[in-house]
Amino acid sequence: MYQDLTPWDSNRFSKDELKMLESLLCCLIYPLRNATFFQQALKMAFTDPLTKTNNRTAFNDCLMREIKRA
């Protein structure tokens, strides 16, 4: 069903290739959006919004990693 697309091909996409890309886009748009939101939530959980520096949660996380390494 899926064929290889070469990014260096100078020709336009065929109708079949466009259909395939549209179907892939429909399948990937929500997981990619969710991954982006998850990354933003993680960043917000470990960063102080005012100073943009790591907060206490980030400190505790880093401390636990260092204790395990020791």
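The values are calculated or read from the model by the stated rules, or taken from the named source; none is laboratory data. If you're wondering where the values come from, they're calculated on a predicted model, not measured in any experiment. All Cβ positions, even for glycine, are placed from backbone atoms using ideal geometry, and neighbour counts span all protein chains on display.
A few comments on the model shown:
- In the set (1) among the β-branched types (Val, Ile, Thr); (2) at pLDDT 95 or above; (3) over 16 Å from the mean Cα position of the chain (by Cα), Thr6 fails one condition alone, (2).
- Scanning segment 8-27 for residues that are surrounded by 11 or more Cβ atoms within 10 Å (Cβ to Cβ) and in a helix (DSSP H, G or I) yields a total of 7.
- Matching residues in segment 41-55 - criterion: being in a helix (DSSP H, G or I) and either of a type in the set (A, V, I, L, M, F, W, C) or modelled with pLDDT of 95 or more (or both): Ala41, Leu42, Met44, Ala45, Phe46
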